Amino acid sequence: MRRLLPLLLLLGAVAEARESGFALMSPETQAMQRDDDANPAMLWVEEGRALWESAGCSGCHGDVAGMRGVAARYPAFDAAGGGPVDLAGRIAQCQEARQHRMPFARESGEALALAALVGLQSRGMPISPPEDPRLAPALARGEALYRERRGQLDLSCGQCHDENAGRRLAGSPIPEAHPTGYPLYRLEWQGMGSLQRRLRNCMTGVRSEPYAYGAPEYVAIELFLMRRAAGMALETPAVRP
Amino acid sequence: MARVLINLPRTARRGEVVEIRTLIQHVMETGYRPGADGVVAPRDIITGFTCVYNNEEVFAAELAPAIAANPFLSFSLVAAESGILAFTWTGDNGFEQTETRSLTVT
Amino acid sequence: MSLPSCLRSGIERRALGAGLLAVALLRPARAERPGLREAVLGFTGGAEPAEGGVTLDIPPLVENGNTVPVTIAVESPMTEEAHVRRIALFNERNPQPHVVTARLGPRAGRARLSTRMRLATSQRLVAVAEMSDGSFRSANADVIVTLAACVES
């Protein structure tokens, strides 16, 4: 144990070095996320519960509790597509390939509701990206996109979220950009949204052209961000300002 | 049907003051907000809420556009006798939704 | 030289009208609204509410004005003889002064209401309670809404 202690301390320090955006929020917004009866995102979870039955998910997957741990492992390698697929993409694929129906549109209330319900099953679990060598090219692409300067402001994601994390942009603290709670309820949106919506928001913020919803670039960035956040606890469905 | 979350204890002692918290999914469009096309979206809000306990109103509220989207309301009532609580939200464009919960008083 | 008063007021009114029109064209969403005090006195029927006995709990510094938790509590035994009839909340700088009005009575057990509100900008809020004896009490709070950098356009 004595020999393990320095290692544990080191791990603790590494874990402490990363911080969820939750820590930067006001006590009031934190309270809203902590309390399931006050968290407006739980309205979408409720809708997801109804859809889990009515949209036929339970027919194959049974009780949604069986999805425990799933959201912590996405994006995952998709053999059919030959690249990574995010959780929303997997749900859409499932609807299309197995149920032979039009999938819920990305960012629709239904798609967010199902993703929130599935995400909730992994709440509190560590983010555990799959160790799959086939994901390596997309992971490298994701990191490159994260480091690439873009838009009229000529800023990369990392220039804000690595180099200036914890400082303020206007009145708002800059978080470290760990996608620990998606889909989440953003006060700014007055509703639920995915990580892709948040990424689009950042891209228009630096005056660059955002990719279309579902674009492989978003999935690559998510893959990189989830790797960067590996080991942090999932918070889905989170609340953010 | 809008999704609704209602939190209250299932049982309470007679005379106990019970806290109730409600959330309902609603955009609460203010009527002041221009859309992407520049046209102001017409007002669409929940304007009224009532909580009726065994056919007697114990709490009601009038809501204005200044209430946040997905309105949250928390209030209390005295657990007098076992019975049914009916929660009703009404609003623009004929919005009306009622949810009921039972409360057992011991 | 002085103009006849009827004509003078007509000209002034036209000038004022043009000014209002310009304001209306520039800011179509911000029509004239009653002031905070007017709104409060509208609720009380002109009576001046007494300060005290009301708690208005809202964060003094708000990171997003879209969803601001607010709690109003009124000191009252909440009996048949002495209770709170209504609790109202008014704002100073939203497009409309009214936020919420609650109707309650002894069966509520406690004169306490929580909700979440929108704040267009930093401003003052006033909570007013109507007591069963017909008197009014109030509390106010000033809130600062910080400037958000990453709003979705």
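Taken together, the values in this text are just the output of simple stated rules run on the coordinates, not laboratory data. Owing to the predicted nature of the structure, the values given are computational and were not obtained by experimental measurement. Virtual Cβ from ideal backbone geometry, glycine too; neighbours counted across all protein chains shown.
To the nearest 20 debye, what is the magnitude of the charge dipole of the protein assembly as shown about its Cα centre, counting +1 on the Cβ of each Lys and Arg and -1 on the Cβ of each Asp and Glu?
Using only the charged Cβ atoms, the result is roughly 780 debye.
Lys/Arg Cβ at +1, Asp/Glu Cβ at -1, dipole of chain A taken about the Cα centre: which of A:ALA50, A:ALA233, A:ALA115 is farthest positive-ward?
A:ALA233
With point charges of +1 on the Cβ of Lys and Arg and -1 on the Cβ of Asp and Glu, referenced to the Cα centre of region A:22-240, which listed residue (A:SER128, A:ALA138, A:GLN33) lies farthest in the positive direction of the dipole?
Of A:SER128, A:ALA138, A:GLN33, it is A:ALA138.
In terms of modelled amide H atoms, which long-range or inter-chain residues lie less than 5 Å from the amide H of A:LEU169?
A:ILE174
Over region C:42-150, calculate the relative contact order: mean separation of alpha carbon pairs under 8 Å at least 6 apart, over the residue count, as a percent.
Details: 261 pairs, mean separation 39.8, N = 109.
36 percent.
Taking H placed 1.01 Å from N in the peptide plane, check which residues at least 5 places from B:THR47 or on another chain put their amide H under 5 Å from its amide H.
Amide H neighbours of B:THR47, under 5 Å, 5+ apart: B:THR90, B:GLY91, B:ASP92.
If you take every residue apart from C:PHE90 with its C-beta less than 12 Å away from the C-beta of C:PHE90, what net charge results, scoring Lys and Arg +1 and Asp and Glu -1?
On the way: positive: C:ARG33, C:ARG37, C:ARG93, C:ARG124; negative: C:GLU38, C:GLU92.
That sum, taken over residues with Cβ under 12 Å, equals +2.
Enter the Cα centre distance for the pair region A:86-136 and region C:32-91, rounded to the nearest angstrom.
Region A:86-136 and region C:32-91 have Cα centres separated by 45 Å.
Pick out which of A:PRO137, A:PRO75, A:PRO126 has the largest mean-square fluctuation in a Gaussian network model of chain A, springs linking Cα atoms closer than 10 Å.
Sorting by GNM fluctuation, first place goes to A:PRO137.
Counting only other chains, and only Cβ atoms inside 10 Å, what mean value do you get across the residues of C:112-124?
What the average comes to for C:112-124 is 5.
Quick one: which residues, 5 or more positions from C:VAL62 or on another chain, have an amide H under 5 Å from its amide H? H modelled 1.01 Å from N in the peptide plane, none for Pro or chain starts.
Those lying under 5 Å, H to H, from C:VAL62 are C:ILE144, C:VAL145, C:THR146.
Identify the GluC sites (Glu not before Pro) of region C:74-130 meeting these criteria: DSSP loop state and at most 16 other C-beta atoms within 10 Å of the C-beta. Could the numbers behind the result be given before it?
Numbers: sites: C:GLU75, C:GLU80, C:GLU81, C:GLU92, C:GLU130; in loops: C:GLU75, C:GLU80, C:GLU81, C:GLU92.
In loop regions of region C:74-130 (DSSP not H, G, I, E or B), the sparsely surrounded GluC sites (Glu not before Pro) are C:GLU75, C:GLU80, C:GLU81.
What does the charge add up to near B:ASP44, with Lys and Arg as +1, Asp and Glu as -1, over the other residues with Cβ less than 11 Å from its Cβ?
Computed value for this residue: 0.
Can you check what the Kirkwood hydrodynamic radius comes to for region B:9-106, Cα pairs only, in Å to one decimal?
Evaluated over region B:9-106, this radius sits at 14.8 Å.
At a temperature of 10 °C and a viscosity of 1.306 mPa s, determine how fast region C:33-145 diffuses translationally according to Stokes-Einstein, using the Kirkwood radius over alpha-carbon pairs as Rh; express D in µm²/s, rounded to the nearest whole number.
Working: Rh = 14.1 Å.
Here the translational diffusion coefficient equals 113 µm²/s.
Looking at region B:2-106, which trypsin sites (Lys or Arg not before Pro) are DSSP coil and have at most 16 other C-beta atoms within 10 Å of their C-beta?
B:ARG10, B:ARG13, B:ARG14, B:ARG43
Counting only other chains, what is the mean number of Cβ atoms within 10 angstrom of the Cβ of each residue in peptide A:168-174?
5
Which is the longest part of chain A that has none of the trypsin sites (Lys or Arg not before Pro) sitting in a DSSP loop with at most 13 other Cβ atoms within 10 Å? Could you put the intermediate results ahead of the total?
Values: sites that count: A:ARG2, A:ARG3, A:ARG98, A:ARG101, A:ARG149, A:ARG167, A:ARG207.
That gives A:4-97 as the longest site-free run.
Once the Cα atoms of chain A are picked out, what are the Rg and Dmax in Å?
Here Rg and the maximum Cα pair distance are 18.0, 58 Å.
Take the protein assembly as shown, compute every pairwise Cα distance, and split them into 20 Å bins from 0; I just need the percent in each bin.
Using 20 Å bins, I get a P(r) of 20, 48, 27, 5, 0, 0 for the protein assembly as shown.
Based solely on its DSSP helices, what 222 nm [θ] is calculated for the protein assembly as shown when runs of n ≥ 4 H residues each add -39,500 (n - 2.57) and the sum is averaged over all residues, nearest 500 deg cm²/dmol?
It lands at -8500 deg cm²/dmol.
Which value, in nm² and rounded to one decimal, describes the direction-averaged projected area of the C-alpha convex hull of region A:23-127?
Reported value for the Cα convex hull: 7.5 nm².
When Cβ neighbours within 10 Å are restricted to other protein chains, what is their mean count per residue of peptide A:36-44? Let's see the in-between values first.
Details: counts 2, 9, 9, 3, 12, 1, 3, 9, 3.
Average per residue, whole number: 6.
How would you rank A:HIS161, B:HIS26, A:HIS100, A:HIS61, going from fewest to most other Cβ atoms within 10 Å of each one's own Cβ?
In order of increasing Cβ crowding within 10 Å: A:HIS100, A:HIS61, A:HIS161, B:HIS26.
Counting alpha carbon pairs within less than 8 Å and at least 6 residues apart, what relative contact order, in whole percent, applies to chain B?
Working: 243 pairs, mean separation 33.9, N = 106.
In percent, rounded to a whole number, it is 32.
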